[in-house]
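Enquirer: So that we are looking at the same thing, I have put the structure below in structure tokens.
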Amino acid sequence: MKQLVLLSGKGGTGKTSVAAAFAHLARHGPSPLPIVLADADVDAANLELVLAPERIEEHPFVGGSVAIIDPALCEACGVCKTTCRFEAVVPGESYRIDPIACEGCAACLFVCPTQAIRMEPQLAGHWYRSQTRFGPLFHAALRPAQENSGKLVTLVKQQARLHALDGGFPALIVDGPPGIGCPVISAASGADLALIVAEPTVAGIHDMQRALQTTAHFRIPSLVCLNKWDVYPEGAQGIESWCQAQGIEVVGRIPFDQTITQAMVRGEPVTAHAPEAPASQALLELWKKVTTRLDAGKEP
């Protein structure tokens, strides 16, 4: 079972539009390929907006813990307030913990002389197994103000991978989060191939380079595709020249095409909404090249 992860380094480059098109082409393209999908951008999961999934399973995700002070046991000695580095202890007749400020380090728990403090696990979000018209989708949603440390990303991807292995699916496509932090590392872990979706802007070029440095560090073979390349052809040429100098193949050029926006409004992949549109044709050629590299199983 091969794993393809879509990354970008920054948000808004079009990863999800590409992932949705790949999902459609895997089912209805020239060479059908049964796939499992995972939306690893748990902070702002939006692949479901295009694929209209039907939820099959819903599971809670418990993140970190926060401190709770029992007012019946608290003597208001102030030791916990002095110890807390995050100013999460609120003084009074009996002290209490501000759950927003608490980082769950448990330092207060260990210094409390009356054992008035306990750590309580917090519901951080939910993860889901859904069915789409193109295959199974694993995705998640964090609750407001909950941090994404990569744990939920790892959980979503693990569940998708296990489902793919148990069901005999030959491929797993992961719509990765933006940036280069823990969630991205979790999404890219174990991938056979990374496709970096870049846009020809100053921020796009810079963050594409950071994403490629991240995949290179973890020895993940990587390809690049340019989205909306014709908006700034000089910038696109600069990306291609830099990639060529680094030995990285640019496997696709997707033009600016308002059909993509129309497809998103209708909740469809652009390749399903308008197969003959310029963007759809470019995505079809991109899909062919990516699957060829994925089948090869070696660094391009």
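The values are calculated or read from the model by the stated rules, or taken from the named source; none is laboratory data. From a predicted model like this one, the values you see are computed outputs, not experimental measurements. Ideal geometry is used to build each Cβ from the backbone, glycine not excepted, and the neighbour counts take in all protein chains shown.
Enquirer: Testing Pro30 on (1) modelled with pLDDT under 95; (2) surrounded by fewer than 16 Cβ atoms within 10 Å (Cβ to Cβ); (3) not assigned by TED's automatic domain parsing to the domain that holds Gln158, one condition comes back false. Which one is that?
Expert: It is condition (3) that Pro30 fails.
Enquirer: For the structure I just gave you, tell me whether Ala45 is at pLDDT below 95, touching a Phe, Trp or Tyr at 6+ places or on another chain (Cβ under 8 Å) and outside any strand (DSSP E or B).
Expert: No, not satisfied.
Enquirer: Here is a follow-up. Within the stretch 136-156, identify whether any single residue is part of a strand (DSSP E or B), more than 30 Å from Ala21 (Cβ to Cβ) and under 18 Å from the mean Cα position of the chain (by Cα), and answer yes or no.
Expert: Scanning the stretch 136-156, I find no residue that is part of a strand (DSSP E or B), more than 30 Å from Ala21 (Cβ to Cβ) and under 18 Å from the mean Cα position of the chain (by Cα), so the answer is no.
Enquirer: Would the stretch 267-274 turn up any residue that is more than 19 Å from Leu47 (Cα to Cα), in contact with a Lys or Arg (Cβ under 7 Å, 6 or more places away or on another chain) and either of a type outside the set (Asp, Glu) or buried (at least 16 other Cβ atoms within 10 Å of the Cβ) (or both)? Write out each step before concluding.
Expert: Of all residues in the stretch 267-274, those more than 19 Å from Leu47 (Cα to Cα) come to none.
Within the stretch 267-274 (the criterion being more than 19 Å from Leu47 (Cα to Cα), in contact with a Lys or Arg (Cβ under 7 Å, 6 or more places away or on another chain) and either of a type outside the set (Asp, Glu) or buried (at least 16 other Cβ atoms within 10 Å of the Cβ) (or both)), the answer is no, since none of the residues qualifies.
Enquirer: Which condition breaks for Leu152 when tested against (1) touching a Ser or Thr at 6+ places or on another chain (Cβ under 9 Å); (2) surrounded by fewer than 19 Cβ atoms within 10 Å (Cβ to Cβ)?
Expert: Status for Leu152: all satisfied but (2).
Enquirer: Being farther than 17 Å from Gly267 by Cβ and in contact with a Ser or Thr (Cβ under 8 Å, 6 or more places away or on another chain) is the filter here, so list the residues in the stretch 30-56 that pass it.
Expert: Hits for the stretch 30-56 are Ser31, Leu33, Ala40, Asp41, Ile56.
Enquirer: Still on this structure, please answer the following. Among (1) surrounded by 15 or more Cβ atoms within 10 Å (Cβ to Cβ); (2) touching a residue at least 60 places away in the same chain (Cβ under 8 Å); (3) outside the structural domain of Pro170 (by TED's automatic domain parsing), there is one condition Val89 misses while meeting the rest; what is its number?
Expert: Checking Val89 against (1) surrounded by 15 or more Cβ atoms within 10 Å (Cβ to Cβ); (2) touching a residue at least 60 places away in the same chain (Cβ under 8 Å); (3) outside the structural domain of Pro170 (by TED's automatic domain parsing), the one that fails is (2).
Enquirer: If you don't mind, another one. Give Gln122, Gln131 a once-over and let me know the one that is part of a strand (DSSP E or B), at pLDDT 95 or above and of a type in the set (S, T, N, Q). Working first, answer last.
Expert: Details: Gln122 fails: at pLDDT 95 or above.
Matching residue, one of Gln122, Gln131: Gln131.
Enquirer: Residues Val231, Val290: which one is more than 25 Å from Ile35 (Cα to Cα) and in contact with a Phe, Trp or Tyr (Cβ under 9 Å, 6 or more places away or on another chain)? Spell out the reasoning first.
Expert: Details: Val290 fails: more than 25 Å from Ile35 (Cα to Cα).
After applying the criteria, what remains is Val231.
Enquirer: Does Gln209 satisfy being in the same structural domain as Gly190 (by TED's automatic domain parsing), in contact (Cβ under 8 Å) with a residue 40 or more places away in the chain and not in a strand (DSSP E or B)?
Expert: The answer is yes for Gln209.
Enquirer: Continuing with the same structure: Which one is modelled with the lowest pLDDT among residues in the stretch 231-248 that are crowded, with 16+ Cβ neighbours inside 10 Å and part of a loop (DSSP other than H, G, I, E, B)?
Expert: Looking at the filtered set, the residue picked out is Tyr232.
Enquirer: Sticking with this structure for a sec: Looking only at residues in the stretch 158-199 that are in a strand (DSSP E or B) and under 10 Å from the mean Cα position of the chain (by Cα), which one is nearest to Val42 (Cα to Cα)? I'd like the intermediate steps shown before the answer.
Expert: Quick first cut of the stretch 158-199, residues in a strand (DSSP E or B) only: 171-175, 193-198.
From what's left, under 10 Å from the mean Cα position of the chain (by Cα): 174-175.
Numbers: Val174: 12, Asp175: 10 Å.
Here the residue is Asp175.
Enquirer: Checking Ile100 against (1) at pLDDT 90 or above; (2) not assigned by TED's automatic domain parsing to the domain that holds Ser222, which test does it fail?
Expert: (1)
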